[in-house]
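Here the structure comes first, spelled out in structure tokens, and everything after it is commentary.
The values are calculated or read from the model by the stated rules, or taken from the named source; none is laboratory data. Note that this is a predicted model, so its numbers are computed, not measured. Every residue, glycine as well, gets a Cβ built from its backbone with ideal geometry; the counts of neighbours run over all protein chains shown.
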Amino acid sequence: MKALVIGAAGFVGGYLVEHLKKDWKWEVFATKLEQETVQMEKIVCLDLDILDRKAVEHVLFEIEPDYIFHLAAQSSVALSWKNPDLTLDVNIKGCVHILEAVRKMQKKVRILLVGSSEEYGQIKGEAVTEESFVYPKNLYAVTKVCQNMLGKVYVDAYQMEIVMVRAFNHIGPKQSSVFVISDFCRQVAEIEAEKKEAVIKVGNLSAKRDFTDVRDIVRAYALLIQRGKAGETYNVGSGEACSIAEILEKILRLSKKTIQIEIDPAKLRPADVSVIKADIRKLK
Ligand code: A2R
Ligand code: GDD
């Protein structure tokens, strides 16, 4: 089997490529942005900006994969408030470029589109099922709702084999410190190394999120691209929600330093969903 991972230099991409090679023994191809670096052995990694429609076609026609994992995105909710244009372009237009290129290919290809739990924007606190109403509360979430709808349109109109997932928060080594757990850990490490005063800057601590180890997330993706039903959406999460305050407390308990907590107004978002928890019965 030939798999193509688009956006492979990102957090999830590295783990997914390794998993597909090691556990599925597939022939893996990857793409990254020109300015990014990856350390991946025994795979062909090409430069590709998904905003370049012709380049997307060229890469896809050249590789002719059986499976495409579309991970490339502007993935930060926080940044989507600051750079809406980029977020909309990459997450919507970039996705259309990939779907259009596959439509033109003379080959049956299965595609996994990675969406987000942020699509639900649920505020009542109960676990969200794939049938729950979507009520996106930020620009990033809007783009992922749109991507999900695009997937469905291409399945219905062109009978393409597209499976959509809504990924809940994931964590693990090498995650960018743009995201909360990595951010807190980095700050504590800097404090312990005496590179920073003993004050940790935080955002909204009352939010509850459903966190899963990235290595479990990629196992789910590999199974879903094979066994997921075209046109269907699957939640990928743990089914448990934990408050950011609890996580902070756990991280601080691991440190020998006494660390003060300070709310940084720059880290508070114009809107933040209070609880996001997955119902994972469909995935199971
Ligand atoms: O933004 P960068 O420089 O970190 O690059 C990201 C890359 N990317 C692009 N790739 C091709 N063409 C573009 N125009 C473009 N813009 C950004 O996609 C990054 O290397 C990769 C996405 O990886 P991460 O940001 O690390 O996200 P993560 O956690 O791996 O999530 C994978 C997927 C994304 O669709 C998220 O929205 C979803 O799971 O949660
Ligand atoms: N980043 C960050 N930094 N978030 C903080 C902080 C902080 O110092 N303090 C509190 N938070 C809160 C945020 O307000 C949010 O409620 C929660 O922690 C998680 O924020 P992030 O880790 O930035 O992730 P996210 O939930 O916005 O987005 C991630 O998960 C989505 C799936 O739910 C990304 O990986 C998205 O790409 C993904 O779709």
Residue selected from segment 161-206 under the condition within 14 Å of ligand 2 (Cβ to nearest atom), closer than 29 Å to Ala72 by Cα and among the β-branched types (Val, Ile, Thr), by the criterion surrounded by the most Cβ atoms within 10 Å (Cβ to Cβ): Val165
Among the candidates Leu86, Leu79, residue that is closer than 20 Å to Val214 by Cβ and either crowded, with 17+ Cβ neighbours inside 10 Å or within 14 Å of ligand 1 (Cβ to nearest atom) (or both): Leu79
Residue in segment 93-123 that is farthest from ligand 2 (Cβ to nearest atom), counting only those that are over 16 Å from Ala157 (Cα atoms), surrounded by fewer than 18 Cβ atoms within 10 Å (Cβ to Cβ) and touching a residue at least 24 places away in the same chain (Cβ under 8 Å): Lys107
Any pair with Cβ under 6 angstrom, 6 or more apart, that starts in segment 130-150 at a residue that is crowded, with 18+ Cβ neighbours inside 10 Å and ends at one that is of a type in the set (Phe, Trp, Tyr): Val134/Tyr120
Count - residues of segment 26-69 that are buried (at least 22 other Cβ atoms within 10 Å of the Cβ), of a type outside the set (A, V, I, L, M, F, W, C) and within 11 Å of ligand 1 (Cβ to nearest atom): 2
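Within segment 157-168, can one find any residue that is on the phi > 0 side of the Ramachandran plot and not charged (D, E, K, R)? Walk me through it before giving the result.
Of all residues in segment 157-168, those on the phi > 0 side of the Ramachandran plot come to 159.
Filter again for not charged (D, E, K, R), leaving 159.
The answer is yes, given that some residue of segment 157-168 is on the phi > 0 side of the Ramachandran plot and not charged (D, E, K, R).
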From the options Ile261, Ile280, Ile276, Ile247, residue that is within 20 Å of the chain's Cα centre (by Cα), at pLDDT 95 or above and not polar (S, T, N, Q): Ile280
Some residue of segment 28-42 being more than 25 Å from Arg215 (Cβ to Cβ) and either more than 16 Å from ligand 2 (Cβ to nearest atom) or part of a strand (DSSP E or B) (or both): yes
Among the residues listed as Ser75, Ser80, the single one being on the phi < 0 side of the Ramachandran plot, small (Gly, Ala, Ser) and part of a helix (DSSP H, G or I): Ser80
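Does Leu223 fit the bill of being part of a helix (DSSP H, G or I) and loosely packed, with under 15 Cβ neighbours inside 10 Å?
Working: part of a helix (DSSP H, G or I): yes; loosely packed, with under 15 Cβ neighbours inside 10 Å: yes.
Considered against the rule, which asks whether it is part of a helix (DSSP H, G or I) and loosely packed, with under 15 Cβ neighbours inside 10 Å, Leu223 comes out as yes.
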